[in-house]
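**Student:** Right, I'll just put the structure down here and ask away after.
The values are calculated or read from the model by the stated rules, or taken from the named source; none is laboratory data. What you are looking at is a predicted structure, and each value in this text was computed from that prediction instead of being measured. Neighbour counts run over all protein chains shown; Cβ positions are idealised from the backbone, glycine included. The area values use the complete protein model at the heavy-atom level, side chains included, leaving out ligands, DNA and RNA. Shrake-Rupley method; radii C 1.70, N 1.55, O 1.52, S 1.80 Å.
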Amino acid sequence: SVQIVAGLAVARSMSAAADGFHSLFDVVGIAIALVVSALASAKPAGERRALEAHGGAAIAIVIICTAATLTGMGVYRALTGLPVEHPWLMLILGGLGVAVNSLALWILHKPRNEGRHLYGAYLHRAGDFLSSALVMVGAGAIIIAETCWAADVHFLDSAMTFIIALFLVALARRLLRQ
C-alpha cells in the first residue's frame, strides 16, 4: 500500500503507516463479507443467519489483529523516539484516507439490515475513517507545535496509533455482541 511505504519510508510516521496497514487488513475483511454474502444467498434463513454470524465473528478477529499490529507499531515508535520527518505528508496521507473512507461509508451506508457480516464491513470502514482523521489531527498538532513553538511533540504519532487501536477493539467488541 502507498500509505505504508510513504508513512514508514518517507514521512516516518507510525500512525500514517498504521493507517495503511489498517487498510490492508480491510481487504481481508471485505473479502470475508463478500464470500459470506455469496454463500449465504443460497441458504435457508436459519443457515444464512448462522453463516452471517460466523462471517461477522471472522471480521471481528481481523479487526482485533489490526489493533494488535497497530499497538506494536505504536510501542515501537514510543520506544525509539524517532521524529516524524514530514508531517505535511502525514497530513496528506490522512486526508486521502478520509476521502476514500468517506466514499466507502457512503457505499455501505445501509448494511445493518442486510446481515452481520456487512455490518461488520461497515464498522471496519468507520474505524478506517476515524483512523485517517486521527492521522490528520496528529499531523496538524505536530505541524502547529513545530511552527509556532519549535516544540517536539512527535509522541503524538504514537498516541494517535494507540487511540486508533483502542477504537478498533471497541468496534470488534460491538460486532461480537450483536
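**Student:** Identify all residues within the stretch 97-111 that are open to solvent by 20 Å² or more (accessible area, probe 1.4 Å) and either within 13 Å of Ile164 (Cβ to Cβ) or β-branched (Val, Ile, Thr) (or both); write none if there are none.
**Tutor:** Val98, Val100, Ile107
**Student:** On to the next question. Which residue is most open to solvent (accessible area, probe 1.4 Å), if the candidates are limited to the stretch 26-52 and must be touching a residue at least 60 places away in the same chain (Cβ under 8 Å), of a type outside the set (D, E, K, R) and under 15 Å from Tyr122 (Cα atoms)?
**Tutor:** Ile30
**Student:** Next question, about the same structure. Kindly provide the set of residues from the stretch 109-127 that are more than 16 Å from the chain's Cα centre (by Cα) and either at pLDDT 65 or above or not small (Gly, Ala, Ser) (or both), ordered by number.
**Tutor:** His109, Lys110, Pro111, Arg112, Asn113, Glu114, Arg116, His117, Leu118
Here's the yes/no breakdown for (1) in a helix (DSSP H, G or I); (2) in contact with a Lys or Arg (Cβ under 9 Å, 6 or more places away or on another chain); (3) farther than 18 Å from Ser37 by Cβ:
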| residue | (1), (2), (3) |
| --- | --- |
| Ala53 | yes, yes, no |
| Thr69 | yes, no, yes |
| Met73 | yes, no, yes |
| Tyr76 | yes, no, yes |
| Leu79 | yes, no, yes |
| Val84 | no, yes, yes |
| Trp88 | yes, no, yes |
| Val100 | yes, no, yes |
| Trp106 | yes, no, yes |
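**Student:** Which numbered condition in (1) out of contact with any Gly (no Cβ under 7 Å at 6 or more places or on another chain); (2) open to solvent by 50 Å² or more (accessible area, probe 1.4 Å) is the only one that Gly94 fails?
**Tutor:** All conditions are met except number (2).
**Student:** Can Ser158 be described as assigned to a helix (DSSP H, G or I), open to solvent by less than 50 Å² (accessible area, probe 1.4 Å) and touching a His at 6+ places or on another chain (Cβ under 9 Å)?
**Tutor:** So Ser158 does not fit the description; no.
**Student:** Which of the residues spanning the stretch 140-155 are in contact with a helix residue (DSSP H, G or I) (Cβ under 6 Å, 6 or more places away or on another chain) and open to solvent by 40 Å² or more (accessible area, probe 1.4 Å)?
**Tutor:** Hits for the stretch 140-155: nothing passes.
**Student:** Could you go through the stretch 65-87 and let me know if any residue there is over 21 Å from the mean Cα position of the chain (by Cα) and surrounded by 23 or more Cβ atoms within 10 Å (Cβ to Cβ).
**Tutor:** Looking for residues that are over 21 Å from the mean Cα position of the chain (by Cα) and surrounded by 23 or more Cβ atoms within 10 Å (Cβ to Cβ), one finds none in the stretch 65-87, hence no.
**Student:** Could you go through the stretch 116-128 and let me know if any residue there is surrounded by fewer than 14 Cβ atoms within 10 Å (Cβ to Cβ) and among the acidic types (Asp, Glu).
**Tutor:** Scanning the stretch 116-128 turns up no residue that is surrounded by fewer than 14 Cβ atoms within 10 Å (Cβ to Cβ) and among the acidic types (Asp, Glu).
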